[in-house]
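Heads up: the structure comes next, in structure tokens.
The values are calculated or read from the model by the stated rules, or taken from the named source; none is laboratory data. The structure displayed is predicted, hence computed values, not measured ones. A quick note on method: Cβ atoms are made from the backbone with ideal geometry, for glycine too, and the neighbour counts reach across all protein chains shown. Remember, those area values only see protein heavy atoms, side chains included, never the ligands or the DNA or RNA. Shrake-Rupley method; radii C 1.70, N 1.55, O 1.52, S 1.80 Å.
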Amino acid sequence: MSQMPVITAKKLNHTFGKGTLRKPVLSDIDLEIYPGEIVILTGPSGSGKTTLLSLMGGLRSVQEGSLKVLDQELCEASKKQLVQVRSRIGYIFQAHNLLECLTAQQNVGMSLRLHKDLSLVERINRSVAILHAVGLGHRINYYPDDLSGGQKQRVAIARALVSQPKMVLADEPTAALDSKSGRDVVEIMQQLAKEQGCTILLVTHDNRILDVADRIIHMEDGRLATNAA
Amino acid sequence: MYFLFPKKLVSRFAQEPPLAWSQLSHQKVRLIVGLAGISFANILIFMQVGFRAAMFDGVSRIQEHLQGDLFLVNKTGQFLGNKTFSKAQLYRANAIAGIASVDPLYYSRSSWVNPKTKELADVNIIAFNPARSVMDLPEIQGQLSTIVQQDTVLFDSKSLASLGPVSELFNTGESINTAVSGRKMWVGGLYSLGSSLFKQGHIVMSDTNYLRVVGQAGADEVHLGIITLEPGTNPDAVIQGLQRLLPQDIKVLNRQEFIALEQGYWAKQPPGIIFNFGTVMGFIVGIVIVYQVLYTDVNDHLPEYATLKAIGYADLQLLGIIFQEALILGVLGFLPGFACSVGMYGLLGNLTRVAIVMRFDVALQVFILTLLMCLISAALAVRKLQSADPADVF
């Protein structure tokens, strides 16, 4: 691809613990991910997928090597720079982590509240529109408690995508869902990502959804194993 | 109402309420328990502050109702009626230029027989020359001719119940005889001054009747000299003149100093300290309650707060949410606490006949204390928020 990559990792190492308990989690990760790609990261548990994802999301400090995300070097980045990067990335977690006290629309609006240039009306319109897009147009004012697991995860996707991020990081977004809702959720992600031209990096164990990927990266023992196209 | 809550703001609030309010109002029971707790702490503080205020308002009530510009007291006297000095000194003081008059006032504690139960109680005698009205209460000024009569006193209708139902009996037209220091006396009229926790009640009598109660030796020793200056006189010059003229054991006070002396003495008494202690206790109880509410809130929503951090909320913004919650709790909790306290003041006032009034400055003080209490709790609770690690949510 001719475009500049959105994520560039070079000689990325990460360890947990100290002294004799020191345990490498990631070693020598070299990776480039380009705009508009849907990349699936697979591998057994403990292979370092989630750690890699949280490093890319600016949720963890980079220890060694270089990791450039959306033109921002995360190695030795300040706390403020990390917060900046986070606000430009959409996150979808295994647990939906919606705020119980807010309606679907308000939950989606939470990530728009960070954008000071948007008026309240714009924010509401955009969150309503994206909820329609994920097929929840009839559940806009429902609280998470009144939504099914699949619906909650769709709200979480709407929250991740509403601010039109350049990149979405998703950690097992289908793990808590039955196969039908899991499939729906992934297809919605795929469709919205294509519309907005955003990159998706998806960690999953779920073999049923591998076909949406442009590229599948396999991880084992903290190293990238296969790099199938 | 429109000006208080412009439509735009109301609809904005309904569309996108502050997160702090959403968190609090989502769990109604917890909110109500929290508010009840804060109200309780408020009532505790209000009661203590109210008692203290009632006590301090009460103790200088006589001083505030005395007419006069300067006051002569015994130098070692800690409060009115504590020490005496020779009446002869008053005649000497009268000689100073600029002084219009010098009047003696007797103020002493004595025994009183409850006319109904015949039980003994304490009463404070205010005695002065009825030819010269030294108190500015119209009820007393209008009944000076009554106290001229032998063994007749005026009774403070706001005296505590332990002195007997004197005003009720008097109003039914009964003649009330009692004994003051063992001498038979009659109640010739009523006036209204007010008692405090330290003073059960007051009677007013003439200096002649006072002499009959305490004897000649007692009447030669006065508790207070009240000086009225001629208009346009510089009080400082008179004070200097008095200090030069009078013996070392007599002190000259202006009105403020005179009131401050009395208040200062009673404030140092154990009840004042106890009430202060009670206020601090209420404050601490409030901190603990608000802390509990906020801590459980943070703890229950830790993954949600971590998610907010992950989607780009800065730590400061989240801290802001907790502090907002604290302030909302404080303001909402204060209102019922205040309302209950007003009711309790009324109830206690009726039960004890010690008037406890909800004063604006006291209410403001407690309100500020409440906000402070909530902010301290928030400051304690946000430490838990630091443990919301966004890396944990993946």
Check your understanding: If you go through the range B:124-175 one residue at a time, how many are in contact with a helix residue (DSSP H, G or I) (Cβ under 8 Å, 6 or more places away or on another chain), surrounded by 22 or more Cβ atoms within 10 Å (Cβ to Cβ) and of a type in the set (Val, Ile, Thr)?
Key -> 4
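For the range B:249-263, what are the residues that are touching a helix residue (DSSP H, G or I) at 6+ places or on another chain (Cβ under 7 Å) and either without any contact (Cβ under 8 Å) to a residue 12 or more places away in the chain or in a strand (DSSP E or B) (or both)?
Residues of the range B:249-263 touching a helix residue (DSSP H, G or I) at 6+ places or on another chain (Cβ under 7 Å): B:250, B:252-254, B:258-259, B:262-263.
Result: B:Ile250, B:Val252, B:Leu253, B:Asn254.
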Practice item. Could you check, for the range B:366-381, whether at least one of its residues is buried (at least 17 other Cβ atoms within 10 Å of the Cβ) and more than 19 Å from B:Val280 (Cα to Cα)? Key: yes
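Considering only residues of the range A:158-182 that are over 18 Å from A:Val6 (Cα atoms) and open to solvent by 20 Å² or more (accessible area, probe 1.4 Å), which is modelled with the highest pLDDT? Explain how you work it out, then say what you get.
At the first step, the residues of the range A:158-182 found to be over 18 Å from A:Val6 (Cα atoms) are A:158-159, A:162, A:171-182.
The next check asks that each one be open to solvent by 20 Å² or more (accessible area, probe 1.4 Å); those that pass are A:172, A:175-181.
Details: A:Glu172: 86, A:Ala175: 79, A:Ala176: 75, A:Leu177: 77, A:Asp178: 81, A:Ser179: 82, A:Lys180: 82, A:Ser181: 80.
That would be A:Glu172.
Residue-wise test of (1) within 14 Å of chain B (Cβ to nearest Cβ); (2) in contact with a Ser or Thr (Cβ under 6 Å, 6 or more places away or on another chain); (3) within 18 Å of A:Glu172 (Cα to Cα); (4) part of a strand (DSSP E or B).
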site: A:Thr15; (1), (2), (3), (4): no, no, no, yes
site: A:Thr20; (1), (2), (3), (4): no, no, no, no
site: A:Val25; (1), (2), (3), (4): yes, yes, no, yes
site: A:Leu31; (1), (2), (3), (4): no, no, no, yes
site: A:Pro35; (1), (2), (3), (4): no, yes, no, no
site: A:Thr51; (1), (2), (3), (4): yes, no, yes, no
site: A:Ser54; (1), (2), (3), (4): yes, no, yes, no
site: A:Arg60; (1), (2), (3), (4): yes, yes, no, no
Exercise for review: Those residues that are outside any helix (DSSP H, G or I) and open to solvent by 20 Å² or more (accessible area, probe 1.4 Å), I need them from the range B:17-70; list them, please.
Suggested key: B:Pro18, B:Gln27, B:Gln67, B:Asp69
Review point. What residue, among those in the range A:62-75 that are open to solvent by 50 Å² or more (accessible area, probe 1.4 Å) and outside any strand (DSSP E or B), is farthest from the other protein chains (Cβ to nearest Cβ)?
Key: A:Asp71
**Study point:** Filter result for B:Ala355 (open to solvent by less than 70 Å² (accessible area, probe 1.4 Å), farther than 19 Å from B:Val290 by Cα and either away from every other protein chain (no Cβ under 14 Å) or over 29 Å from the mean Cα position of the chain (by Cα) (or both))
**Key:** yes
Review point. Which of (1) within 14 Å of chain A (Cβ to nearest Cβ); (2) part of a helix (DSSP H, G or I); (3) under 30 Å from A:Arg88 (Cβ atoms) does B:Ile328 not meet, given it meets every other one?
Key: (3)
Review point. Part of a strand (DSSP E or B), in contact with a Lys or Arg (Cβ under 8 Å, 6 or more places away or on another chain) and open to solvent by 50 Å² or more (accessible area, probe 1.4 Å) - does that describe any residue in the range B:94-107?
Key: no
